[in-house]
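Accompanying notes for the structure given below.
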Amino acid sequence: MKEVYSLRRLISGRFRLAVPVLCLLVILSPAAFAFEADIYQILPDDTKKIVKQADKLLRQGKLAEAESFLKRAVEAHPDDSAIRLRVAYLHLKQRRIADAYNISLAIAQAEEKNSYAYAILGSALLSAGRFPQARQVLVTAIHLNRRESFAWASLGLLEFYENNIDEGILNLREAVYLEPNHPDHVFSLAQALARSEQYREAARGYVKYLAISRGLDDDRRARIKGLIAFMEYLGGKHELYAIGGAEQTKIPIRIVGNRPVLEVRVNGRSRPLNFVLDSGSGATVISKETAELLGMRSVARGGHAKGFGGDGRFEIVYGFANSMEIGEVKIRNVPVYIRHFHGQANKVDGYIGLSLVSKFLTTIDYGESTFGLMRKDTAAAEAIRSSGTAIPLRLTSSGFLSGEVRVEGVEDPLNFIVDTGSSVSVISDDLARLDPVSSFAGDAKMRVIGAAGIEENVPSYILPKISFGPLSRNDISAISLDLDTINTTTGFEQAGILGGNFLRNYRMTFDFKNSLVIFVPIDAEP
């Protein structure tokens, strides 16, 4: 029998959250309150100055400098929970999730009415993808202290990830109301507003974020300014993703390198273009060369985004398509990104992101090589929902679909991005270093073409078994990549990508309304 290892063994410690937290949850009346000693009043003057400086640096995003000051404060007062919770918050910002978890857990166990300890603990659990536990701990924090803004913000993000956008916005508004100049709260609210297509208010939120944030590097500031310009542009449009044409359509597609390629007509042109359906992207992307042929100009730009390959980044350029037609369905007013596509052996003109098809039930049948769209409020849509195995999905901050996957040899479920635009599955470098996953390494080295360029000599693995819900496949090829590139923006840690070499074995339907993907096997696993 193969020995099973827990994620506690991960070197990074990001997933090492094995200590039960439910025993901490207490039943409280609405009148219960949290321990909130004013740290500035109870500390000696010299330490008070150190902590104030650390707080200032934290707000400015200068994490290394803040850590230096907090180390001095902890050395002077090692038992002070308020200082230690500042350190835990710093670790969250640094994505040292296990460290934040361990500190906040110890304090919550010792101080059962410390609402901020529960808020940090809940946020650490959320960042690690432990959603049910995170929800209970964050609700406990709010029961202890209804003015605990960090708990409201984290609970808002949790709802956001689970596609309860309106509830998430309400919680984030509460966090901003309680602490109006907290940059993270303001940014998260603006992000949620943009997702709900409230673009003008989102733009105002990003403007405020720039005004209250200090220490942002030039590229991030340029990125936010470009985003503000784009939000203001979209806010001036009457209706985005306006649907016309038939209630449903079904077209033939080509499966090229495990990726579904379909024909799309852009801006009323009769000649169709080749687009990959990319569930690993929130937005639709058009190649720079195709945009030039279409006469499509940038409507805003600024800063750089992170991606795989090359130097790990590419310029952010926003565009706008008047219409996109797939079969007998027409979608008007489509925001897009414009960028250069690298290493195009099989030329494509663009990638269809989730936002374009989110108002439909979207079906890819890898067996029949067809692609279908059906308006989600039709009677036929209900029949599709009950036709196969439904697996819940979550939505990351950056617009990726994420689901819980099990990898043989790893005890705990892992969050994987479900990505039809990826030819092969991916595991993170952290997961690849874990025993026994490291023993699954193959001899082959791969060439990876990403948004930012080309990466050579990427290590490969043969995973004995991958399970997504009740569905399993054996001997799945995967490559190992540094997923820090995407985890800085996802909101909760992703340990891998479920790519086309797994998905090609199914007919799959994305039900965005209910945050589900419905699988029907093409054939039985041999």
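The values are calculated or read from the model by the stated rules, or taken from the named source; none is laboratory data. From a predicted model like this one, the values you see are computed outputs, not experimental measurements. Backbone-built Cβ (ideal geometry, glycine too); neighbour counts: all protein chains shown.
So the values come out like this:
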| quantity | calculated |
| --- | --- |
| The range 509-525, residues that are over 21 Å from Phe131 (Cα atoms), surrounded by fewer than 23 Cβ atoms within 10 Å (Cβ to Cβ) and touching a strand residue (DSSP E or B) at 6+ places or on another chain (Cβ under 9 Å) | Ile518, Phe519, Val520, Pro521, Ile522, Glu525 |
| Which numbered condition Asp218 fails, given (1) modelled with pLDDT under 95; (2) surrounded by fewer than 15 Cβ atoms within 10 Å (Cβ to Cβ); (3) in contact with a helix residue (DSSP H, G or I) (Cβ under 9 Å, 6 or more places away or on another chain); (4) not hydroxyl-bearing (Ser, Thr, Tyr) | (3) |
| Which numbered condition Ile120 misses (of (1) surrounded by fewer than 24 Cβ atoms within 10 Å (Cβ to Cβ); (2) farther than 24 Å from Arg195 by Cβ) | (1) |
| Single residue of Ile427, Ile391 found to be over 30 Å from His304 (Cα atoms), touching a strand residue (DSSP E or B) at 6+ places or on another chain (Cβ under 9 Å), of a type in the set (A, V, I, L, M) and not in a loop (DSSP other than H, G, I, E, B) | Ile391 |
| Qualifying positions in the range 189-215 - among the hydroxyl-bearing types (Ser, Thr, Tyr), farther than 25 Å from Leu356 by Cβ and modelled with pLDDT of 95 or more | Tyr209 |
| Any hit, the range 372-386, residues being surrounded by fewer than 20 Cβ atoms within 10 Å (Cβ to Cβ), touching a Ser or Thr at 6+ places or on another chain (Cβ under 7 Å) and at pLDDT 95 or above | no |
| Checklist (1) touching a Lys or Arg at 6+ places or on another chain (Cβ under 9 Å); (2) over 18 Å from Gly421 (Cα atoms); (3) buried (at least 17 other Cβ atoms within 10 Å of the Cβ) applied to Gly307, failing item | (2) |
| The range 105-134 residues that are on the phi > 0 side of the Ramachandran plot and part of a loop (DSSP other than H, G, I, E, B), paired with ones that are surrounded by 19 or more Cβ atoms within 10 Å (Cβ to Cβ) and at pLDDT 95 or above (beta carbon under 6 Å, 6 or more apart) | Gly129/Asn415 |
| Counted residues, the range 58-82 - those being surrounded by 21 or more Cβ atoms within 10 Å (Cβ to Cβ) and either touching a residue at least 40 places away in the same chain (Cβ under 8 Å) or of a type in the set (S, T, N, Q) (or both) | 2 |
| From Arg135, Arg146, residue being under 27 Å from Gln60 (Cα atoms) and either surrounded by fewer than 24 Cβ atoms within 10 Å (Cβ to Cβ) or among the polar types (S, T, N, Q) (or both) | Arg146 |
| Condition met for Lys237 (within 22 Å of Val334 (Cα to Cα), of a type in the set (Lys, Arg) and at pLDDT 95 or above) | no |
| Lone unmet requirement of (1) touching a residue at least 24 places away in the same chain (Cβ under 8 Å); (2) in contact with a Gly (Cβ under 8 Å, 6 or more places away or on another chain) for Lys465 | (2) |
| Those residues of the range 87-144 which are within 21 Å of Ala64 (Cβ to Cβ), touching an Asp or Glu at 6+ places or on another chain (Cβ under 8 Å) and among the hydroxyl-bearing types (Ser, Thr, Tyr), in sequence order | Ser127 |
| Those residues of the range 394-424 which are aliphatic (A, V, I, L, M) and either in a loop (DSSP other than H, G, I, E, B) or without any contact (Cβ under 8 Å) to a residue 12 or more places away in the chain (or both), in sequence order | Val424 |
| Boolean, Glu174 is surrounded by fewer than 24 Cβ atoms within 10 Å (Cβ to Cβ), within 28 Å of Val517 (Cβ to Cβ) and acidic (Asp, Glu) | no |
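Listed here are the residues, each with its yes/no results for (1) of a type in the set (S, T, N, Q); (2) crowded, with 19+ Cβ neighbours inside 10 Å; (3) over 28 Å from Glu197 (Cβ atoms); (4) without any contact (Cβ under 8 Å) to a residue 24 or more places away in the chain.
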position	(1), (2), (3), (4)
Gly245	no, no, no, no
Asn258	yes, no, yes, no
Leu262	no, yes, no, no
Arg269	no, no, no, no
Pro272	no, no, no, yes
Ser287	yes, yes, no, no
